[in-house]
Amino acid sequence: MKQQAASCLIYLLSIFMSTELTAGNQSQEAALERRVAELLARMTVAEKIGQMSQVNGADGAVTDELASALRAGKIGSILNEVNVDTVNELQRIAVEESRLGIPLLIGRDVIHGFRTVLPIPLGQAASFNPGLVEKGARMAALEAASRGVNWTFAPMIDVSRDPRWGRIAESLGEDPYLHGVLGAAMVRGFQGDDLAVPGTIAACAKHFAGYGASESGRDYNTTNIPEHELRNVYLRPFKAAVDAGVATLMASFSDLNGVPATANEFLMRQVLRDEWGFQGFVVSDWASIEQLSVHGITANDREAALAAVTAGINMEMATTTYADHVTGLLEEGRIDMTLIDEMVAGILRVKFALGLFENPYTDPSTLPAMANAEHLAIARETALQSLVLLENRDRTLPLDAGKLGSLAVIGPLADDPYEQLGTWIFDGDPSLSQTPLNAIRQHLGERVEVNYVKAMETSRSRSTEGFEKAVRAARAADAVVVFLGEESILSGETHSRADINLPGSQAELIAALRESGKPVIAVVMAGRPLTLGNIVDQVDALLFAWHPGTMGGPAIADVLFGVEPPSGKLPATFPLVVGQVPIYYAHKNTGRPPSPENFTHMDDIPVRAPQYSWGFGSFHLDAGYKPLYEFGYGLSYTRFEYSDIEVSHAEIGMDERFTVQAVVRNAGDVAADEVVQLYVRDLVANVTRPVKELKGFQRLRLKPGEESRVSFELGPDDLAFYGRDMTLITEPGEFDAWIGGSSEADLRTRFRLVRK
Ligand code: NOJ
């Protein structure tokens with residue numbers, strides 16, 4: 001007991017010494033820490049280990065086993081229980097029938113909406129709209145909270161530069177800055193300003209860290225990421241989430257440079273706690289502590305528990321190595337009670353912050369109804385802003401409904417309320433989905449004949465039996481809209497692909513429809529960037545819709561018929577062929593950068609040409625060096641022109657703030673949104689830096705002919721990077737800056753950072 005009290009005291013002191021808070025916050029924090037310390041001092045070892053244990057719910061049941069474990073204080077959190085009566089009963093047992101009455105964390109994967117489903121996170125990222133993303137998370141939090149959920153396992157902020165990886169769907173794409181901005185927006189949306197307010201839920205930034213770099217895009221695969229790359233790319237979004245006040249983090253399943261994240265002291269201790277001062281807690285991933293022995297980093301469950309707890313994993317998800325071994329490890333003196341107290345304190349802090357001790361129960365009648373009109377409107381707006389127009393030959397789109405006599409709607413994903421929702425939709429309700437077919441019919445009314453032919457049973461079907469009917473419908477129509485892509489099961493956890501073409505015979509379906517001679521508009525719904533090189537010349541327009549969620553249909557119809565121009569931009573590069581992967585805009589220059597001057601396609605190299613008579617460059621002989629569509633790309637129904645880029649001062653002091661500005665003009669005839677993007681390159685640095693890095697973006701609306709001077713404010717911090725000695729530095733020297741509508745923006749200026 002004495003030891004416990006002393007360890008608490010030391011722990012509290014260290015917290016007081018390391019936090020820099022305003023006076024008001026400080027006293028609030030101090031009060032919170034007092035409550036944590038008081039409770040900790042009353043807890044037995046078994047009760048502490050209980051708080052560190054998370055179990056799966058029992059599908060709405062309160063089993064005897066669960067109830068007696070709760071009474072004994074053996075469970076700190078339950079995941080996957082969303083029956084609100086059951087949740088309230090579980091809370092009641094924990095609060096009223098256990099010795100210390102500690103309430104439960106109820107965790108759930110609320111990844112992109114709850115009952116109302118938003119576009120997949122990768123689609124949300126295409127909106128480049130943090131305000132809207134925040135609203136979506138807020139809406140999801142309210143819906144989830146009405147079921148008793150007080151903790152979501154989101155946002156997933158794993159930078160991913162590999163579209164083969166199924167979980168790219170859950171991520172916010174390839175860019176650390178975009179990830180940071182949107183991830184922080186999600187944290188704010190879930191958590192609000194005060195976690196104790198009903199309807200807010202604790203967020204969980206995952207998967208710490210490096211998961212998105214799994215080799216060959218195979219899920220759970222090894223990652224090898226040099227430390228400066230880890231810090232400059234993969235850790236950045238997590239730092240942004242911690243700065244935004246994220247309550248919890250989840251450890252990645254993956255092996256990082258030889259030490260699985262779940263046992264990785266460098267990540268969990270040095271970076272997260274020591275450098276960033278994180279005060280919340282880290283949960284393992286599902287059984288990832290047990291899996292340490294499968295990785296081969298520990299010999300058995302006891303060693304695995306030791307490795308995880310020593311690294312700083314506060315809570316174990318789904319398995320029981322902590323419950324089974326922590327007491328023994330303490331008795332053997334292999335871990336100290338200080339460590340356990342630290343782990344438990346992190347968990348209690350979040351429970352106190354959530355106000356669970358004051359009110360552990362959920363009364364759904366105090367929260368907005370699920371899928372209410374406002375929620376559906378948020379889902380519709382998010383879907384709308386996520387749509388990326390990739391091709392639009394001869395202004396095929398928008399379709400003029402007034403001039404259409406008939407429209408052929410074809411394809412396996414035109415009218416599938418389930419598939420349009422995407423991966424991770426435990427609580428989504430397909431019966432609420434508004435499909436594209438319905439929305440098109442509604443938009444066109446009785447006057448236009450809509451002829452629907454599914455043509456393929458699923459996106460994977462190989463049969464071409466339905467094609468003839470589809471082609472007949474196409475021939476009889478004025479235009480053809482074909483809905484293709486991937487079913488939701490083809491992306492998400494464990495669902496990686498090595499070939500990222502449209503599956504099944506979908507490319508052949510397009511080729512067949514092409515024969516009709518009618519304009520063919522392809523709408524692709526998918527959980528990842530696909531290689532579309534084989535269809536892009538076969539279609540007149542190509543709209544990428546991700547998995548757009550409950551309100552995908554009306555959003556797509558709005559864009560097809562020009563109610564609203566498309567405005568999404570790609571959050572991840574679309575490769576030409578899968579062999580280019582990883583291909584991303586923020587690559588390094590290499591010593592032999594590719595260029596039109598040094599690249600010759602293999603078809604153009606003469607037979608037996610001498611090896612060294614051709615250009616030297618970093619390219620593929622068969623695929624060149626450019627992707628099909630670059631990061632940040634997306635067309636509109638109007639044209640935006642950029643000009644007059646300038647920096648507020650050509651020489652900038654090392655601690656001065658400055659602006660980069662340009663004029664953007666709507667040069668077309670339709671009012672539309674544009675996502676204006678700022679990229680910067682550090683020309684010479686202590687470690688090689690990317691050829692371009694996104695440093696800012698703004699979505700703005702311009703009327704035809706209207707122009708706006710867009711200004712981005714930066715400081716030297718925004719130009720900082722981790723150098724050779726792994727410290728964050730900003731170096732004097734020259735920088736290029738571009739402002740434009742994609743990562744291939746060519747309007748450039750140069751500025752210099754100087755020690756004044
Ligand atoms: C495993 C996944 O990796 C993680 O993201 C998820 O939150 C947990 N399972 C819980 O469902």
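The values are calculated or read from the model by the stated rules, or taken from the named source; none is laboratory data. Because the structure is predicted, anything quoted here is derived from the model rather than measured. Cβ sites come from the backbone with ideal geometry, for glycine too, and all protein chains shown count toward neighbours. Remember, those area values only see protein heavy atoms, side chains included, never the ligands or the DNA or RNA. Shrake-Rupley method; radii C 1.70, N 1.55, O 1.52, S 1.80 Å.
Tally up the residues in region 669-689 that are closer than 18 Å to Tyr637 by Cα and either of a type in the set (Ser, Thr, Tyr) or crowded, with 18+ Cβ neighbours inside 10 Å (or both), please. If you could, list the steps in order and put the result at the bottom.
Restricting attention to region 669-689, the residues satisfying the condition of being closer than 18 Å to Tyr637 by Cα are 669-676.
Filter once more, keeping what is either of a type in the set (Ser, Thr, Tyr) or crowded, with 18+ Cβ neighbours inside 10 Å (or both): 672-676.
Number satisfying all stated conditions: 5.
I'm trying to understand the selection: among the residues of region 139-153, which are open to solvent by less than 10 Å² (accessible area, probe 1.4 Å), within 16 Å of the ligand (Cβ to nearest atom), touching a Ser or Thr at 6+ places or on another chain (Cβ under 8 Å) and not in a helix (DSSP H, G or I)?
Trp151
For Glu81, indicate whether it is surrounded by fewer than 17 Cβ atoms within 10 Å (Cβ to Cβ) and either within 16 Å of the ligand (Cβ to nearest atom) or farther than 28 Å from Ala371 by Cβ (or both). Working first, answer last.
Working: surrounded by fewer than 17 Cβ atoms within 10 Å (Cβ to Cβ): no; either within 16 Å of the ligand (Cβ to nearest atom) or farther than 28 Å from Ala371 by Cβ (or both): yes.
So Glu81 fails the test.
Would you please name the residue that is farthest from Leu390 (Cα to Cα), looking only at residues in region 726-756 that are assigned to a loop (DSSP other than H, G, I, E, B) and more than 30 Å from the chain's Cα centre (by Cα)? Spell out the reasoning first.
Of all residues in region 726-756, those assigned to a loop (DSSP other than H, G, I, E, B) come to 726-727, 730-732, 741-747, 755-756.
Cutting the leftovers down to more than 30 Å from the chain's Cα centre (by Cα) gives us 731-732, 755-756.
Values: Glu731: 38, Pro732: 39, Arg755: 44, Lys756: 46 Å.
Per the criteria, the residue is Lys756.
When the residues of region 206-229 are narrowed to those that are charged (D, E, K, R) and open to solvent by 10 Å² or more (accessible area, probe 1.4 Å), which ends up farthest from the ligand (Cβ to nearest atom)? Can you show your working first?
Restricting attention to region 206-229, the residues satisfying the condition of being charged (D, E, K, R) are 206, 215, 218-219, 227, 229.
So of that shortlist, the ones also open to solvent by 10 Å² or more (accessible area, probe 1.4 Å) come out as 215, 218-219, 227, 229.
Values: Glu215: 17, Arg218: 14, Asp219: 9, Glu227: 24, Glu229: 23 Å.
Going through the qualifying residues, I end up with Glu227.
Would you say Leu404 is touching a strand residue (DSSP E or B) at 6+ places or on another chain (Cβ under 8 Å), surrounded by fewer than 22 Cβ atoms within 10 Å (Cβ to Cβ) and not acidic (Asp, Glu)? Reasoning before the result, please.
Details: touching a strand residue (DSSP E or B) at 6+ places or on another chain (Cβ under 8 Å): yes; surrounded by fewer than 22 Cβ atoms within 10 Å (Cβ to Cβ): yes; not acidic (Asp, Glu): yes.
Judged against the criteria, Leu404 is a match.
Go through region 112-131 and count every residue that is part of a loop (DSSP other than H, G, I, E, B), closer than 20 Å to Gly568 by Cβ and open to solvent by less than 10 Å² (accessible area, probe 1.4 Å). Before the answer, list the steps.
Going residue by residue through region 112-131, those that are part of a loop (DSSP other than H, G, I, E, B) are 112, 114-116, 118-120, 127-129.
Retained after the next criterion (residues that are closer than 20 Å to Gly568 by Cβ): 112, 116, 118-120, 127-129.
Next cut, open to solvent by less than 10 Å² (accessible area, probe 1.4 Å) only: 112, 116, 118-120, 127-128.
Residues flagged as part of a loop (DSSP other than H, G, I, E, B), closer than 20 Å to Gly568 by Cβ and open to solvent by less than 10 Å² (accessible area, probe 1.4 Å) within region 112-131 amount to 7.
Can you pull out the residues in region 235-253 that are in a helix (DSSP H, G or I) and within 16 Å of the ligand (Cβ to nearest atom)?
At the first step, the residues of region 235-253 found to be in a helix (DSSP H, G or I) are 236-243.
Hits for region 235-253 are Pro237, Phe238, Ala241.
Of the numbered conditions (1) more than 16 Å from the ligand (Cβ to nearest atom); (2) touching a residue at least 12 places away in the same chain (Cβ under 8 Å), Glu465 satisfies every one except a single condition; which is it?
In the conditions (1) more than 16 Å from the ligand (Cβ to nearest atom); (2) touching a residue at least 12 places away in the same chain (Cβ under 8 Å), Glu465 misses (2) alone.
Looking only at region 588-618, which residues are touching a Ser or Thr at 6+ places or on another chain (Cβ under 9 Å) and closer than 27 Å to Asn232 by Cα?
Selection gives Lys588, Asn589, Thr590, Gly591, Arg592, Pro593, Pro594, Gly617, Ser618.
When you check Gly411 against the structure, is it closer than 30 Å to Val149 by Cβ and crowded, with 22+ Cβ neighbours inside 10 Å, yes or no? Even if it seems obvious, please write down each step before you answer.
Working: closer than 30 Å to Val149 by Cβ: no; crowded, with 22+ Cβ neighbours inside 10 Å: yes.
Taking the combined requirement at face value, the residue does not satisfy it.
Given the criteria touching a helix residue (DSSP H, G or I) at 6+ places or on another chain (Cβ under 8 Å) and either away from the ligand (no atom under 16 Å from the Cβ) or in a loop (DSSP other than H, G, I, E, B) (or both), does Ala287 qualify? Please lay out each step first, then the result.
Working: touching a helix residue (DSSP H, G or I) at 6+ places or on another chain (Cβ under 8 Å): no; either away from the ligand (no atom under 16 Å from the Cβ) or in a loop (DSSP other than H, G, I, E, B) (or both): yes.
When the stated conditions are applied, Ala287 does not pass them.
How many residues does region 60-80 hold that are without any contact (Cβ under 8 Å) to a residue 12 or more places away in the chain and part of a loop (DSSP other than H, G, I, E, B)?
First pass over region 60-80, keeping only residues without any contact (Cβ under 8 Å) to a residue 12 or more places away in the chain: 63-65, 68.
Keeping just the survivors that are part of a loop (DSSP other than H, G, I, E, B) gives 63.
Selection size over region 60-80: 1.
Can you say whether Ile340 is in contact (Cβ under 8 Å) with a residue 40 or more places away in the chain, buried (at least 24 other Cβ atoms within 10 Å of the Cβ), within 27 Å of Ala41 (Cβ to Cβ) and more than 16 Å from the ligand (Cβ to nearest atom), as far as the supplied structure shows? Talk me through it step by step, then tell me what you get.
Values: in contact (Cβ under 8 Å) with a residue 40 or more places away in the chain: yes; buried (at least 24 other Cβ atoms within 10 Å of the Cβ): yes; within 27 Å of Ala41 (Cβ to Cβ): yes; more than 16 Å from the ligand (Cβ to nearest atom): yes.
Here the answer is yes, as Ile340 does meet what is asked.
Could you grab me the full set of residues in region 154-205 that are part of a loop (DSSP other than H, G, I, E, B), buried (at least 24 other Cβ atoms within 10 Å of the Cβ) and either free of Cβ contacts under 8 Å to residues at least 24 places away in the same chain or within 16 Å of the ligand (Cβ to nearest atom) (or both)?
Ala154, Pro155, Ile157, Asp158, Val159, Ser160, Trp165, Ser171, Leu172, Ile201, Ala203
Tally up the residues in region 422-440 that are crowded, with 20+ Cβ neighbours inside 10 Å and either without any contact (Cβ under 8 Å) to a residue 12 or more places away in the chain or part of a loop (DSSP other than H, G, I, E, B) (or both), please. If you could, list the steps in order and put the result at the bottom.
Residues of region 422-440 that are crowded, with 20+ Cβ neighbours inside 10 Å, as a first pass: 422-425, 427-428, 433-437, 439-440.
In the following step, the residues that additionally are either without any contact (Cβ under 8 Å) to a residue 12 or more places away in the chain or part of a loop (DSSP other than H, G, I, E, B) (or both) were identified as 422-425, 427-428, 433-435.
Counting residues in region 422-440 that are crowded, with 20+ Cβ neighbours inside 10 Å and either without any contact (Cβ under 8 Å) to a residue 12 or more places away in the chain or part of a loop (DSSP other than H, G, I, E, B) (or both) gives 9.
So, in region 450-460, exactly how many residues are open to solvent by less than 60 Å² (accessible area, probe 1.4 Å) and either more than 14 Å from Val482 (Cβ to Cβ) or modelled with pLDDT under 95 (or both)?
1
Restricting to region 386-401, name every residue that is closer than 13 Å to Ala557 by Cβ and touching a strand residue (DSSP E or B) at 6+ places or on another chain (Cβ under 8 Å). Give the steps one after another, and end with the answer.
In the first step, residues of region 386-401 are kept if they are closer than 13 Å to Ala557 by Cβ; the result is 387, 397-399, 401.
Once the filter is applied, which keeps residues that are closer than 13 Å to Ala557 by Cβ and touching a strand residue (DSSP E or B) at 6+ places or on another chain (Cβ under 8 Å), region 386-401 yields Leu387, Leu397, Leu399.
Inspect all residues belonging to region 317-328 and state whether any of them is within 30 Å of Arg34 (Cβ to Cβ), within 16 Å of the ligand (Cβ to nearest atom) and surrounded by 18 or more Cβ atoms within 10 Å (Cβ to Cβ). Even if it seems obvious, please write down each step before you answer.
Step one: filter region 317-328 for residues within 30 Å of Arg34 (Cβ to Cβ), giving 317, 322-323, 326-327.
After this cut, where a residue has to be within 16 Å of the ligand (Cβ to nearest atom) as well, the list is 317.
Within this subset, residues satisfying the condition of being surrounded by 18 or more Cβ atoms within 10 Å (Cβ to Cβ) are 317.
Checked region 317-328: at least one residue is within 30 Å of Arg34 (Cβ to Cβ), within 16 Å of the ligand (Cβ to nearest atom) and surrounded by 18 or more Cβ atoms within 10 Å (Cβ to Cβ).
Show me the strands (runs of 3 or more DSSP E) found entirely inside region 614-666 where at least 2 residues are open to solvent by less than 20 Å² (accessible area, probe 1.4 Å). Lay out the reasoning, then the answer.
Details: elements: 640-647, 651-653, 658-666.
Of the strands (runs of 3 or more DSSP E) lying wholly inside region 614-666, those with at least 2 residues that are open to solvent by less than 20 Å² (accessible area, probe 1.4 Å) span 651-653, 658-666.
Looking at (1) within 16 Å of the ligand (Cβ to nearest atom); (2) over 12 Å from the mean Cα position of the chain (by Cα); (3) buried (at least 24 other Cβ atoms within 10 Å of the Cβ), find the lone condition where Gly136 falls short.
(1)
Looking at (1) within 22 Å of Ser742 (Cα to Cα); (2) open to solvent by 10 Å² or more (accessible area, probe 1.4 Å); (3) in contact with a strand residue (DSSP E or B) (Cβ under 6 Å, 6 or more places away or on another chain), find the lone condition where Val524 falls short.
(2)
Within the group Val282, Val271, which residue is away from the ligand (no atom under 16 Å from the Cβ), open to solvent by less than 10 Å² (accessible area, probe 1.4 Å) and closer than 22 Å to Val187 by Cα?
Values: Val282 fails: away from the ligand (no atom under 16 Å from the Cβ).
Checking each option against the conditions leaves just Val271.
For Glu656, all conditions in the list (1) under 30 Å from Ala541 (Cβ atoms); (2) in contact with a helix residue (DSSP H, G or I) (Cβ under 9 Å, 6 or more places away or on another chain) hold save one; what is the number of the exception?
The one condition Glu656 does not meet is (1).
Would you confirm whether or not region 42-56 contains a residue that is open to solvent by less than 30 Å² (accessible area, probe 1.4 Å) and within 16 Å of the ligand (Cβ to nearest atom)?
First pass over region 42-56, keeping only residues open to solvent by less than 30 Å² (accessible area, probe 1.4 Å): 43, 47-54.
From what is left, the residues that are within 16 Å of the ligand (Cβ to nearest atom) are 53-54.
Scanning region 42-56 turns up at least one residue that is open to solvent by less than 30 Å² (accessible area, probe 1.4 Å) and within 16 Å of the ligand (Cβ to nearest atom).
Please work out which residue is surrounded by the most Cβ atoms within 10 Å (Cβ to Cβ), limiting yourself to region 364-376 and to residues that are touching a residue at least 12 places away in the same chain (Cβ under 8 Å) and in a helix (DSSP H, G or I).
His375
Filter region 690-725 down to residues that are within 19 Å of Glu674 (Cα to Cα) and part of a loop (DSSP other than H, G, I, E, B) and give me whichever is least open to solvent (accessible area, probe 1.4 Å).
It comes out as Gly705.
Mind checking which residues of region 254-270 are in a helix (DSSP H, G or I) and farther than 15 Å from Lys206 by Cα?
Looking only at region 254-270, we keep the residues that are in a helix (DSSP H, G or I), and these are 261-263, 265-270.
Scanning region 254-270 gives Ala263, Glu265, Phe266, Arg269, Gln270.
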